[in-house]
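Remarks on the structure that follows.
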């Protein structure tokens, strides 16, 4: 049975936006929650833990488990469950962290109970100003919609999105892939960078796009062609310096982005994913947070609202043109549960 229930009657969806009352259409969602888009690309929502809050959590489709940072754990006097821990891989390092005795976690009208939540330090630059990470163990119980115009996240019943027709939206296939002995699942899709097709992880918790060196070689990049090193912050460790470059155009399905910045490094996260020796990319929230999009976990796809300059195909991949250049963002966390 799905461990989520409504804790309030159907909502009237009255929110205070920019100091005036605005009625938001629930659109069949079980819950709505306004989100904040941080300068570093994080999508941050208010979460209640054991009925207390709200606390800011970053939405992270690259994290298989939901996390509370130690400072909030201490504030709420949450205790670790004896003998229970997980190994969490960040982009730069990994560590074993305890599972907390948490009764419930809620967003808007949706209550998750029982909630299996880990605790980790949260002291790096990448996690500054947030109290936790909302991972796939919570998110994939729903269809999750993001409205860039309203800055609202909607949690839909898991099968509702598949029953609807979305005209003017591109469909991008998501491929679930199980990683490690724990059975943790990540979601991959394919992108074209120039004329090169590369598998990528959908990682909304990351504020930077990252490729490994096998992907860089596939793109015929050489170290001397990279722009000056920039700091890269992980969820567990401090920063490291990585090179970066500008890709003229990135496409997936009929969705097109131009002038995107990518960092290049063989970070530990690629080894944790089993992708050290093959071309691979981590694509962060910056590619999606200026568009409306829906992650339809039940149908293993992502729906992205396309613009007038893009072809509204039925999810068919299109090869891109080649254009120009832009600046870099700080790196943000990526998490993967093991054991």
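From the list 262, 270, pick out the single residue that is outside any loop (DSSP other than H, G, I, E, B), buried (at least 20 other Cβ atoms within 10 Å of the Cβ) and modelled with pLDDT under 90.
Testing whether each residue is outside any loop (DSSP other than H, G, I, E, B), buried (at least 20 other Cβ atoms within 10 Å of the Cβ) and modelled with pLDDT under 90 leaves just 270.
Here are some conditions: (1) at pLDDT 90 or above; (2) under 30 Å from residue 212 (Cβ atoms). Residue 101 meets all but one. Which one does it not meet?
The number of the failed condition is (2).
Going by what's in this entry, would residue 123 be described as surrounded by fewer than 20 Cβ atoms within 10 Å (Cβ to Cβ), in contact with a helix residue (DSSP H, G or I) (Cβ under 9 Å, 6 or more places away or on another chain) and at pLDDT below 90? Give the derivation first.
Numbers: surrounded by fewer than 20 Cβ atoms within 10 Å (Cβ to Cβ): yes; in contact with a helix residue (DSSP H, G or I) (Cβ under 9 Å, 6 or more places away or on another chain): yes; at pLDDT below 90: yes.
Judged against the criteria, residue 123 is a match.
Exactly one condition in (1) in a strand (DSSP E or B); (2) more than 15 Å from residue 117 (Cα to Cα) is not met by residue 28; state its number.
Going through the list (1) in a strand (DSSP E or B); (2) more than 15 Å from residue 117 (Cα to Cα), residue 28 breaks only (1).
Which residues, taken from segment 54-71, are in contact (Cβ under 8 Å) with a residue 24 or more places away in the chain, surrounded by fewer than 23 Cβ atoms within 10 Å (Cβ to Cβ) and out of contact with any helix residue (DSSP H, G or I) (no Cβ under 8 Å at 6 or more places or on another chain)? Show your work before the answer.
Filtering segment 54-71 down to residues in contact (Cβ under 8 Å) with a residue 24 or more places away in the chain leaves 55-71.
Retained after the next criterion (residues that are surrounded by fewer than 23 Cβ atoms within 10 Å (Cβ to Cβ)): 55-56, 69-71.
56, 70, 71 - these are the residues of segment 54-71 that are in contact (Cβ under 8 Å) with a residue 24 or more places away in the chain, surrounded by fewer than 23 Cβ atoms within 10 Å (Cβ to Cβ) and out of contact with any helix residue (DSSP H, G or I) (no Cβ under 8 Å at 6 or more places or on another chain).
The values are calculated or read from the model by the stated rules, or taken from the named source; none is laboratory data. Fair warning: this is a prediction, and the values are worked out from it, not measured in the lab. No Cβ is skipped: glycine too gets one built from the backbone with ideal geometry, and neighbour counts run over all protein chains shown.
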